[in-house]
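Here the structure is laid out as structure tokens; the discussion comes afterwards.
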Amino acid sequence: MSDMTSQPEIERFDHGSITAVPARLKKRRASEFRLKTYGIIAISIAALALVSLLWSVVFKASYAMTEHYIVADVTLDAETLEIDEDTAADQIVRGDYDAVTTEMLRDLFPMASGRTERRALKDLVSGGAAFELGDVVAADPDLVGETVSFAFLASDVTDLYLKNEYGRLVEKDVSGKLSVSEAAEGDLVISTSTNDFAEALETVKRHLYEDADSLRVKAARQANAVSVYTERAEAAETEEDRATLMAKAEKARVAEQALLDEAAALEDRAAGAGGSETVDDENISLLIKAGGGWIRLSELNRSQARGEMLTGVSLPIENETEWQFFTTTMPEASRKVSDNQIVWIETLRERDQIEEVFNWRFFTSADSRAPELAGIRGALVGSLLTMLVTFALAFPIGVLGAIYLEEFAPKNRFTNFIEVNINNLAAVPSIVFGLLGLAVFLNVFGVPRSAPLAGGIVLALMTLPTIIIAARAAIQAVPPSIREAALGVGASNVQASFHHVLPLAMPGILTGTIIGMAQALGETAPLIMIGMVAFIVEVPTSITDSASVLPVQVFRWSDFPERAFEARTAAAICVLLVFLVLMNLLAIVLRRRFERRW
Amino acid sequence: MVFTLTLVIFVLAVAAYMASRRRALQIGGDAPATLHSRPSYHGLHSLLWVLIAGWGILIVLVMFGNWWITSSLMSDIGEALPDKEYIEHQLILSDARAISEGRISSVSDPLRERIAGRFSTMSAVHTWALIVGSLGAALLAGYLSYSRVAVEWRARNHSENVIRSILLVTAAIAILTTIGIILSLVFETFRFFEAIDWQLHKYLFGTTWSPLSGVFEGKLDAEKVGALPLFAGTLLITAIAMLVAVPVGLFAAIYLSDFASSSVRSVAKPMLEVLAGIPTVVYGFFAAITLAPFLRDSGEAIGIQVASESALAAGIVMGIMIIPFISSLSDDVINAVPQTLRDGSLAVGATRAETIRQVVLPAALPGIVSAVLLGISRAIGETMIVVMAAGQGANLTANPLEAVTTVTVQIVALITGDTEASTAAGPAFTLGFTLFVMTLLMNMAAQRLVAKYRERYD
């Protein structure tokens, strides 16, 4: 090494004393141990990251494994469907199946009244269920006028409730006898013979305290804002700035006070010992099931309560021992499923009208705005077409380019320039390739936007360096004796390369190509640039149709606000990962089976 | 149409191959050895020329034809409505195209009808030109090649020369790609700087980024194109990523190359490869759905306010993404340090840790630095993680708990936003160009370091 003259930094130690050796040795061993530990920690961090990443994806995806159906008898009344004898066969599918579905739900739960409640009732079933019913009837027009049993696809809210995504319904122990009577129109008075509501009352009060606490946290934030604005106001340069900042500070102070007042009021309410407590939608819901129906409590003390009827309860109830008392774990205001809907779904479940099946739809349907209807078929086909284009372009060009560089290129500046270019292209950010595709292929050459053709070209240019580099390595690995033997028996250079070197290098080239294609399959950013983020409902049939691809589908879904899309995003990721694993396995198998070492 | 023609030309080429081969066989007759080239080379020569002539003319005609139709129709529209904006001309053209193809257009008026009529005629002419031109060229090439088949015709040498030229062209596609990237970026960047009157410092050092809010008559508000917050945000996230990736990646590489038993290595190495193979959109999902809420909640639990799109979450996940990159590159250079250096150090009584710290690492340092540089360049150009997990608003801060935006996030926001493409392209491509230059410089530096380092031991 060059710096032999400079003195390396070595601790000065006493060479004379033999007693110093063990201590020094201990120190040196400790430092060795430390370095080793750092290494193990580093590996563990990487493993932890991988496991938590995969776990969070698989766990979230498990919510999309199944879908729920509501099985119910539906009367296909010709009048409601707006179908008569004159309706042409191909018009039957256009009947008003929505109305039939709504009627079916109203027959199930006649108590639902008012706009909000009816809307909530309708939201139990997916908007797509009516279309499916239409398809069934269109296939068999004789069904019109009959009553048939049909499985209606549940909406995303129903589905998630059934998967316990909105908390659970907890049953409380009850020992007393229940009496319910109607005090006024819709106002029920409930009492039990023992203190059955005491525990629930505690929970309700605890919830009030928790709310008060979170209000105080918000108030503290406002207090912080007050001090920040005041500080800035003092440092402000112009009178105007100061005035606006002071106004902001004042506003934050008012907000802080309001929050503190609210918190104090909540705590006062909760502290009022023993008395009765109102339960609003900010608090957990309390539900009683008795007399063949459900009651929601709006006010309670330890043994008495007031409430309203949600589904038909035969009144009055006196000293009934057969009753159940439930609480939810989440307040109604913070979940998308209302108390009414919970009661309806529970009733359906009890009547055995809910069916859970494996979510095949996810693989057979294309994108949709409604999460329960959305599937990945369109994206899968789009990915496949894009990969075909990429392969058709990148593989031949990459292999031929590699052969040129390895076998024919003269050692000159031009060849050197090509090599520098390839190495640099391999490290250009993918989004820049997207910009290239947008500017050159879309705007200049007029390749259709959002099409697998455009995506395939861009990804091919992106994968090209990977394939060339892998192919060159594979060609280099073929021993020169093969080529020399071919040349020796009179083959030309081209013949030696194509007939002898290339076949031997092929397994290596294919391995590199598959790995490059796997990269391209997961690539998102350049495809977003060329407009593959559009919402496309149809499954593409050719490389010039508008299409989406799997990773872009993941990106789009992850942006949607509906909770159910989160699970579907994770499921789409799982499908993507399965394909990547398969491709990599194929590469490994190829390498194992065909790779030769000379 | 184009697809059918491509197929037809291919079929023609195969036919030409068979014809020439048969003719060569007939000429050779009883004494095939008198032929200079074997019959299949006569066939190959015809095949190559038919494909080159047919496909070449086809590509040229498609590109030229589209340009011809668009530009002549646009100039027609321009003459008819000289005082309308360019974008409206484009709108009229696309309407006219829709009318002529029998689709539904937003508006239809005499001008659009007239343009639609011209469009139909021109595209009919174009289609016929495509058919006649490409098939004619293919047939002509086939005939010429076929007629040359003779005993002394050096078909093999000629086709090998053609093949060599094809090889050269495929290798040069890398150069074409680079040129394409540079041209497309430079063109829009030039227009962007023109629109802000070449106040480059306003772009590089301005602190307000809101490029689309001040658009007026093709001019941008130079006060609102300050990309400094974007650069700072990119830098912040990159720094966090490297703080995660460099120590973890480097220690993992050291451990795997010098300490780990082969069984540990056989588990740990594939694990790192799996980490490297996960698409970035999955990392983005993880950052946005799992890590960011986790950080926000744990911050809340100890009384610190963490933005839900904090730079920290995006940075950490980006760091995880870069770990395998750093570790595999460092592993390569650490393994490339000659064993003799290690043996020498061990022989004079150094422990393994001392050998690594005082012999291996100094020798491998240039390679490690280049790995870090490549990691940084990858972090700067990474898009999906930051698009999904970092913020949108330009925010000049060094606090990792706040939301910052990056260059790539803004490119995506501009290109996919609602603003018309011609306005948003300027700032977007300028950012892209900046990104390209930054990563290019870093890659070149890294490559140079590696090249220098290799010289020392070869």
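Listed by first and then second residue, the pairs linking a residue in segment A:96-107 that is without any contact (Cβ under 8 Å) to a residue 40 or more places away in the chain to a residue that is basic (Lys, Arg), with Cβ atoms under 9 Å apart and 6 or more places separating them unless they lie on different chains, are A:ASP98/A:LYS122; A:THR102/A:ARG118; A:THR102/A:LYS122; A:LEU105/A:ARG118; A:LEU105/A:LYS122; A:ARG106/A:ARG118.
Within segment B:404-448, which residues are surrounded by fewer than 23 Cβ atoms within 10 Å (Cβ to Cβ) and not in a helix (DSSP H, G or I)? Within segment B:404-448, B:GLY417, B:ASP418, B:THR419, B:GLU420 qualify.
To keep it simple, each residue is scored yes or no on (1) farther than 22 Å from B:VAL409 by Cα; (2) within 33 Å of the chain's Cα centre (by Cα); (3) in contact (Cβ under 8 Å) with a residue 60 or more places away in the chain.
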residue: B:VAL248; (1), (2), (3): yes, yes, yes
residue: B:ALA301; (1), (2), (3): yes, no, no
residue: B:ALA307; (1), (2), (3): no, yes, yes
residue: B:PRO324; (1), (2), (3): yes, yes, yes
residue: B:ASP343; (1), (2), (3): yes, no, no
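Considering only residues in segment B:259-311 that are facing chain A (nearest Cβ under 8 Å) and outside any helix (DSSP H, G or I), the one that is surrounded by the fewest Cβ atoms within 10 Å (Cβ to Cβ) turns out to be B:GLN305.
Counting only residues that are crowded, with 21+ Cβ neighbours inside 10 Å, out of contact with any Leu (no Cβ under 6 Å at 6 or more places or on another chain) and hydrophobic (A, V, I, L, M, F, W, C), segment A:455-498 holds 12 of them. The residues of segment A:396-429 that are more than 7 Å from chain B (Cβ to nearest Cβ) and surrounded by 21 or more Cβ atoms within 10 Å (Cβ to Cβ), listed by number, are A:GLY398, A:VAL399, A:ALA402. In segment A:89-119, the residue that is modelled with the highest pLDDT out of those that are closer than 17 Å to A:TRP294 by Cα and in a loop (DSSP other than H, G, I, E, B) is A:PHE109. When A:SER558 is tested against (1) over 26 Å from A:GLU595 (Cα atoms); (2) modelled with pLDDT of 95 or more, only condition (2) is not met.
Each residue in segment B:128-184 was checked for being out of contact with any Phe, Trp or Tyr (no Cβ under 9 Å at 6 or more places or on another chain), crowded, with 16+ Cβ neighbours inside 10 Å and among the polar types (S, T, N, Q), and 1 pass. Given the structure, is A:LYS27 in contact with a helix residue (DSSP H, G or I) (Cβ under 8 Å, 6 or more places away or on another chain) and either closer than 30 Å to A:TRP360 by Cα or more than 10 Å from chain B (Cβ to nearest Cβ) (or both)? In short, no. Of everything in segment B:78-116 that is under 21 Å from B:GLU420 (Cβ atoms) and among the β-branched types (Val, Ile, Thr), the residue that is modelled with the highest pLDDT is B:ILE115. Being at pLDDT below 90, out of contact with any His (no Cβ under 8 Å at 6 or more places or on another chain) and within 12 Å of another protein chain (Cβ to nearest Cβ) is a description that does not apply to A:ARG597.
Considering A:ALA78, A:ALA112, A:ALA89, A:ALA23, the condition of being among the small types (Gly, Ala, Ser) and crowded, with 18+ Cβ neighbours inside 10 Å is satisfied by A:ALA112 alone. In segment B:183-203, the residues that are away from chain A (no Cβ under 14 Å) reach residues that are loosely packed, with under 14 Cβ neighbours inside 10 Å and not in a helix (DSSP H, G or I) with C-beta atoms within less than 6 angstrom, at least six apart or across chains, in these pairs: B:ALA195/B:LYS219.
From the list A:THR37, A:THR66, which residue is at pLDDT 90 or above, surrounded by 11 or more Cβ atoms within 10 Å (Cβ to Cβ), of a type outside the set (D, E, K, R) and within 32 Å of the chain's Cα centre (by Cα)? Walk me through it before giving the result.
Values: A:THR37 fails: within 32 Å of the chain's Cα centre (by Cα).
Selected residue: A:THR66, the only one of A:THR37, A:THR66 that is at pLDDT 90 or above, surrounded by 11 or more Cβ atoms within 10 Å (Cβ to Cβ), of a type outside the set (D, E, K, R) and within 32 Å of the chain's Cα centre (by Cα).
Those helices (runs of 4 or more DSSP H) of segment A:512-598 in which 1 or more residues are of a type in the set (Lys, Arg) and within 17 Å of A:ARG449 (Cβ to Cβ) occupy A:550-558.
Residue pairs whose Cβ atoms lie under 7 Å apart, sitting 6 or more positions apart in sequence or on different chains, and linking a residue in segment B:436-449 that is touching a residue at least 24 places away in the same chain (Cβ under 8 Å) and more than 7 Å from chain A (Cβ to nearest Cβ) to a partner that is of a type in the set (A, V, I, L, M, F, W, C) and assigned to a helix (DSSP H, G or I), are B:MET438/B:ILE380; B:MET442/B:LEU373; B:MET442/B:ILE376; B:ALA445/B:LEU373; B:ALA446/B:LEU373; B:ALA446/B:LEU374; B:LEU449/B:VAL369. May I ask you to verify whether B:ALA138 is in contact with a helix residue (DSSP H, G or I) (Cβ under 7 Å, 6 or more places away or on another chain), under 30 Å from A:ASN493 (Cα atoms) and assigned to a loop (DSSP other than H, G, I, E, B)? Spelling it out, it is not the case that B:ALA138 is in contact with a helix residue (DSSP H, G or I) (Cβ under 7 Å, 6 or more places away or on another chain), under 30 Å from A:ASN493 (Cα atoms) and assigned to a loop (DSSP other than H, G, I, E, B).
When A:ALA264 is tested against (1) more than 39 Å from the chain's Cα centre (by Cα); (2) assigned to a strand (DSSP E or B); (3) small (Gly, Ala, Ser), only condition (2) is not met. If the condition is being polar (S, T, N, Q) and part of a helix (DSSP H, G or I), then segment A:120-168 contributes only A:THR158.
Mind checking which residues of segment A:571-594 are hydrophobic (A, V, I, L, M, F, W, C) and more than 11 Å from chain B (Cβ to nearest Cβ)? A:ALA571, A:VAL575, A:VAL578, A:LEU582, A:LEU585, A:LEU586, A:VAL589, A:LEU590, A:PHE594 - these are the residues of segment A:571-594 that are hydrophobic (A, V, I, L, M, F, W, C) and more than 11 Å from chain B (Cβ to nearest Cβ). Of all residues in segment B:1-26, none that is within 16 Å of B:GLY133 (Cα to Cα) has its Cβ atom under 6 Å from the Cβ atom of a residue that is of a type outside the set (D, E, K, R) and not in a helix (DSSP H, G or I), 6 or more apart or on another chain.
In segment A:297-317, is there at least one residue being part of a helix (DSSP H, G or I) and either on the phi < 0 side of the Ramachandran plot or surrounded by 14 or more Cβ atoms within 10 Å (Cβ to Cβ) (or both)?
Keep residues of segment A:297-317 that are part of a helix (DSSP H, G or I), which gives none.
For segment A:297-317, residues part of a helix (DSSP H, G or I) and either on the phi < 0 side of the Ramachandran plot or surrounded by 14 or more Cβ atoms within 10 Å (Cβ to Cβ) (or both): absent.
Applying a threshold of 9 Å to beta carbon distances and a minimum spacing of six or more residues, or different chains, the list of pairs starting in segment B:53-78 at a residue that is within 11 Å of chain A (Cβ to nearest Cβ) and ending at one that is assigned to a helix (DSSP H, G or I) and modelled with pLDDT under 85 reads B:VAL62/B:VAL2; B:THR70/B:LEU93. Given the options A:LEU388, A:LEU380, name the one that is of a type outside the set (Asp, Glu), out of contact with any Ser or Thr (no Cβ under 9 Å at 6 or more places or on another chain) and exposed (fewer than 15 other Cβ atoms within 10 Å of the Cβ). Of the residues listed, the single one that is of a type outside the set (Asp, Glu), out of contact with any Ser or Thr (no Cβ under 9 Å at 6 or more places or on another chain) and exposed (fewer than 15 other Cβ atoms within 10 Å of the Cβ) is A:LEU388.
The values are calculated or read from the model by the stated rules, or taken from the named source; none is laboratory data. Predicted, not measured: the structure shown is a model, and the values here were computed from it. Note that we place each Cβ from the backbone using ideal geometry, even for glycine, and neighbour counts take in every protein chain shown.
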